[in-house]
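Every number in this text was worked out from the coordinates using simple rules, so none of it is lab data. Please read these numbers as outputs of a predicted model, since none were measured by experiment. Here the Cβ positions follow ideal geometry from the backbone for every residue, glycine too, while neighbour counts run over all protein chains shown.
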Amino acid sequence: MYAGKSVKRVDALDKVTGRTRYTDDLCDRSAYIARILHSTIANGRVVSIDTSEAEKVPGVVKILTCFDLKEKHYFPTAGHPWSTDPAHQDVADRLVLTERVRFYGDDIAAVVAEDEVAAAQALRLIHVEYEEYPFVLDVQKAMEDGAPLLHEEYPNNILKHTQIRNGDYEKAIQEPGLIRVEGWYETPVVQHCHIENFICYAEMEGDRIHVVSSTQIPHIVRRIVGQALGIEWGRVRVVKPYIGGGFGNKQDILYEPLCAWLCMQIGGHLVKLDVPREETFVCNRTRHSIRNHIISWVRPDGTYAARKLESFSDQGAYASHGHSICAKGAGAFPQLYPCDNVEVDAYTVFTNKPVAGAMRGYGIPQAMWAVESHTEDVAAAIGADPLEFRRRNLMPVGYKDDFSKNENYSDSFNQCLDKAMKAIDYERKVKEYEHQTGDVRRGIGMAVFWYNTAVWPISLESSSCRMVLNQDGSFQLQIGETEIGQGADTAFAQMAADVVGVPMEKVHVVSCQDTDVTPFGTSAYASRQTYVAGFSIRQTGLLLKERILDYAHLLTRMPVFNLDIEDGNIVRTTDGRKLMTLAELATEALYSLTDSRHITAESTYQIKSNAYSFGCTIAEVEVDIPMCKARLLNVVNCHDAGKLINPALAEAQVHGGMSMGIGFGLTEKLIFDEKTGRPLNNNLLDYKLSTFLDHPRLMAEFVENPEPTSAFGTKSLGEPPACSVAPAIRNAIFHATGVAVNNAPADAHNLFRAFTEAGLIHDER
Amino acid sequence: MNKQYKLVRCTINGKERETMVDVRASLTDMLRNDFRLTSVKKGCEVGECGACNVLINGECFNSCIYLAAWADGKEILTLEGLEGPNGEISDIQQAFIDEAAVQCGFCTPGAIMSAVEILNEGRELSDEEIRIRMSGHLCRCTGYENIFRAVKKTMLKRLAAASGNRQGE
């Protein structure tokens, strides 16, 4: 058995030797270089573009502007499965180049040149004349009457508003003796910061367009390039090689349509579009900044009578993943701490900021920042212990969600909390840090989360797999789910080896995906890869095994029910005798003069289930009040992600998510000039991504309750580690200082404001 | 504008090389484009992320902000240069595999080169020193935890081996 073992990554050797080829490494050096001209206003219209000076730069091949776009094919960009029902299709509001600009950084023209230098020089010589409109950067100001309107079809800039109404909130709050607790909690715009920037290249092959892209979702890229160019989808071929991280940014169609369009405008010559870091921050996608308003009505015994949530999600200028993110966070609210009377209003609102899309956690980190900060505030307001208050109100064992049919099968929350508390020595520290005074104080705090696994029943959930047997008894494994750094290929190989009954080195995972060859799949998002692929790997593996044993019956005359494959051998189960090797069988099958067969198997499994994944973070901080600085001393995450296929890779995955959560809680925010809408820190120096020095040792713990709906007992782990870290840090700061820092991150700016308001420090300007 | 070129003669991964470079080209450009040493990655091209790190005369540099022209007469080591003639990998590369310090792999080559610089000093660094010395590398996948473990374990192994050798003498 390989499932459950910490085998080494199948791609590790290639990655430590530099042999792994990423998009730029594969691109032929004959490629022309494309660079994009971005708008330098936040809202308005391009009146004219003068390219005459730029065209004189030696090496410039062609300059194309928004006015050259003769056929306007509006396309959506979200990496969601397509819906054949128009009511459920993503909003198609993008063009490859646009005259109507809606944020500082919108795409208005592009230069194609023989080299980077010529392209960069030409960009600087293009003169643009704009008609400027007023702009709006604040999500609630954008909803006001008379605010600048981004899209005519969306009054008050509201992309979507959804509601949840459970019980009777208004009646419930009349109950005598209730304590009312209210808070506003806000998260900033942050960015994925995968180390490989987005890059793609395109060339024509006959009448087809061939795109190689650093993407998580090759089959979705194929569909949307087809839509954006107005050509049949079968004329698009998309290849996804190894990618240098994605984290959701590459679960969006970024510049593949523009690159493909540019290629077709110059006769099909190879064009490479390599996005610089500064543009990656602004012109790809970001995480939605969400402002949450929560009111809870609590009984003195520590139970909830009624609760209300209002969410205002800043979409930026275009719809991308849109309301899905805010809706997911809002949907978590009534489930994490169930209460009979709940009102939720979730709004996703356009502003003149960069476009927000998917990012690790998909709305849950923002929701947990609000909900878990608020939980701490409620516990404090009623004088309850925050740990006991959580234990009392958290989703109970046996809880079932009517929509997703998800069920809480085990006592995961308490088990995770217990394990995390032990790892960080919580009981001792929480007492030790009570009643501190002085400038430097320590505190310890916690937060929990739940996360779904996959997206059923919201949209299509299927996985396709192909296994092709080779003469030596090895087989290729092809699957629509993608390796994006998380280790999916390794987990797939482990599962496939177990199902078929071969040593793992006999499974060759085809990592590079090609929509002409790879079975259809909607790929890497929703922390679904191991879960959904598990079904099709098991189903296809059993199919392959059936065909192998069928041929073994021909060769050995033994009945199939007395045969099995073990460690790459055909074995007679009645006495355990090894009858032949799989290699002998496979070679005979291919070259037999009497009954030649190429043994393969391919199947699709449609997944009609989903699963709750659970966990928590406990963080310990030291706060220097006069310096307005919070330092993380210790942090632990504990997860119930079901059975782990590869514990070492699972632990590594948790480290990465925790790191992202630490940045979200303490340092990261993209800031904008109020006067112009211009981003001010769109580089890796001024945007404070956590470094080696900003982390203590990261502790990752697991509780392994097998998920009963799953083919291998697994459930989601990719995104969950990023969900509860930031509010745990916030609650540790609260424990240390008594000050509630409700705007993330808890950096010097926000701590200064919070400590000043609390009277801990005095602004002497 | 007429381009200006300069002849660069240097040693790359133990072999003597020469090439004409545009005087504005970075060492990253030269290594990737002229010699196809694609382990040298581009993550920011302004010296912020460390993905392009290589050793120049034994010292680790961001090759993206080091002019190719400056490489004249220098000895350059990239990740490709760590491999033995029969594809043997070095202890630090093996440690990155064993400690699950590799995820997407994009920051890996640069991080390994900084580790090589540290390990070649042959002394024991404190945890804090290792963190400071590795802090020029940005990684979004690993949280640095397993990279730290790989570097520290390899350092301790080498020191133990060195002290074993001394005792044997």
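Quick one: grab the alpha carbon gyration tensor of the stretch A:455-535, order the square roots of its eigenvalues as a ≥ b ≥ c, and give me rounded if a/c is under 1.5, else prolate or oblate depending on whether a/b is larger than b/c.
Cα axes put the stretch A:455-535 in the prolate bin.
Under 19 Å Cα-Cα from A:K308, which lysines qualify once same-chain neighbours fewer than 8 residues away are excluded?
Qualifying lysines at Cα under 19 Å: A:K160, A:K171, A:K328.
What's the magnitude of the charge dipole for chain B around its Cα centre, counting Lys and Arg as +1 and Asp and Glu as -1 at the beta-carbon? Answer in Debye, nearest 20.
I would put it at about 300 debye.
What distance in nm separates the two pseudo spin-label positions at A:Q471 and A:A120, each 7 Å out from Cα along the beta-carbon direction?
5.2
Taking Cα centroids, how far is the stretch B:76-123 from the stretch A:692-755 in Å?
Here the two parts' Cα centres lie 31 Å apart.
Please compute the length gained on full extension between A:D673 and A:E182, using 0.36 nm multiplied by the number of residues separating them and subtracting their Cα-Cα distance.
Stretched fully, the A:D673-A:E182 segment lengthens by 173.7 nm.
May I ask which residue of A:M264, A:F281, A:I294 lies farthest towards the positive end of the charge dipole of the stretch A:222-306, with charges of +1 (Lys, Arg) and -1 (Asp, Glu) on Cβ and the Cα centre as origin?
Toward the positive end, the furthest listed residue is A:M264.
Set Lys and Arg Cβ to +1 and Asp and Glu Cβ to -1, take the dipole of chain A about its Cα centre, and tell me which of A:N646, A:T20, A:I565 lies farthest positive.
A:I565
Would you mind computing Rg(Cα) / (2.2 N^0.38 Å) for the stretch A:194-289, counting N as its residues?
1.03
Within the stretch A:409-493, which GluC sites (Glu not before Pro) sit in a loop by DSSP and count at most 13 neighbouring Cβ atoms inside 10 Å?
A:E434
Tally Lys/Arg at +1 and Asp/Glu at -1 over every other residue whose Cβ is under 10 Å from the Cβ of A:T348; what's the total?
Overall, the nearby charge balance is 0.
In nm, to one decimal, how far is the A:K56 label point from the B:R9 one, both placed 7 Å along Cα→Cβ?
Reported label-point gap for A:K56 and B:R9 is 4.2 nm.
Pop out the Kirkwood hydrodynamic radius of chain A from its pairwise C-alpha distances, inverse of mean 1/r, in Å to one decimal.
For chain A, inverting the mean 1/r across all distinct Cα pairs yields 27.6 Å.
Across 10 Å bins from the origin, how do the percents of Cα pairs in the stretch A:575-725 run, short distances first?
Distribution as computed: 9, 24, 20, 18, 13, 8, 5, 2, 0 percent.
For the stretch A:492-541, take the convex hull of the Cα atoms, compute a quarter of its surface area, and give me that in nm², please.
Projected area, direction-averaged: 3.7 nm².
Given Cα pairs under 8 Å that are at least 6 residues apart, what percent is the relative contact order of chain B?
Rounded, it is 22 percent for chain B.
Please compute, over every Cα-Cα pair in the stretch A:462-606, the percentage with a separation greater than 29 angstrom.
Summing the P(r) tail past 29 Å for the stretch A:462-606 gives 17 percent.
Among the lysines, which have Cα under 25 Å from the Cα of B:K42 when same-chain residues fewer than 8 positions away are ignored?
Within the straight-line cut-off, B:K42 pairs with A:K15, A:K240, A:K250, A:K272, A:K669, A:K688, B:K3, B:K6, B:K15, B:K74.
Where nothing but the Cβ of Lys and Arg (+1) and of Asp and Glu (-1) is charged, how large is the charge dipole of the stretch A:661-718 around its Cα centre, in debye to the nearest 20?
Magnitude of the dipole: close to 160 debye.
Need the list of lysines near A:K431 for cross-linking: C-alpha distance under 22 angstrom, and skip anything on the same chain fewer than eight residues off.
Hits, sequence-local ones excluded: A:K419, A:K422.
Give the long-range amide H neighbours of A:D640: residues separated by 5 or more places, or on another chain, with amide H under 5 Å away, using H modelled in the peptide plane at 1.01 Å from N.
Answer set, sorted by chain and number: A:F614, A:G615, A:V703.
Taking only C-alpha pairs under 8 Å that are 6+ residues apart, what is the relative contact order of the stretch A:1-129 in percent?
40
Please report Rg over Rh for chain B, where both radii come from the alpha carbon positions and Rh follows the Kirkwood definition.
1.01
In square nanometres, what is one fourth of the surface area of the convex hull spanned by the alpha carbons of the stretch B:91-168?
With the hull built on Cα positions only, its mean projection is 4.8 nm².
Shape verdict for the stretch B:42-135, please, from the Cα gyration tensor: rounded (a/c under 1.5), prolate (a/b greater than b/c) or oblate.
rounded
What's the center-to-center distance, using Cα atoms, between the stretch A:242-298 and the stretch A:606-683 in Å?
21
What net charge do the residues around A:R597 carry, taking every other residue with its C-beta under 10 Å from that of A:R597, with Lys and Arg at +1 and Asp and Glu at -1?
-2
With charges only on Cβ, +1 for K and R and -1 for D and E, what is the dipole size of chain A about its Cα centre, in debye, rounded to 20?
That gives chain A a dipole magnitude of about 1040 debye.
Using only the alpha-carbon atoms of the stretch A:59-185, report the extent along each of the three principal axes, biggest first, to the nearest angstrom.
Over the stretch A:59-185, Cα extents along the principal axes are 78, 37, 27 Å.
How high is the FRET efficiency from A:F403 to B:R158, r the C-beta distance, R0 56 Å, rounded to 0.05?
Here the calculated transfer efficiency is 0.50.
Work through the residues other than A:I295 whose Cβ is under 10 Å from its Cβ and net out their charges, Lys, Arg +1 and Asp, Glu -1.
So the environment of A:I295 carries a net charge of 0.
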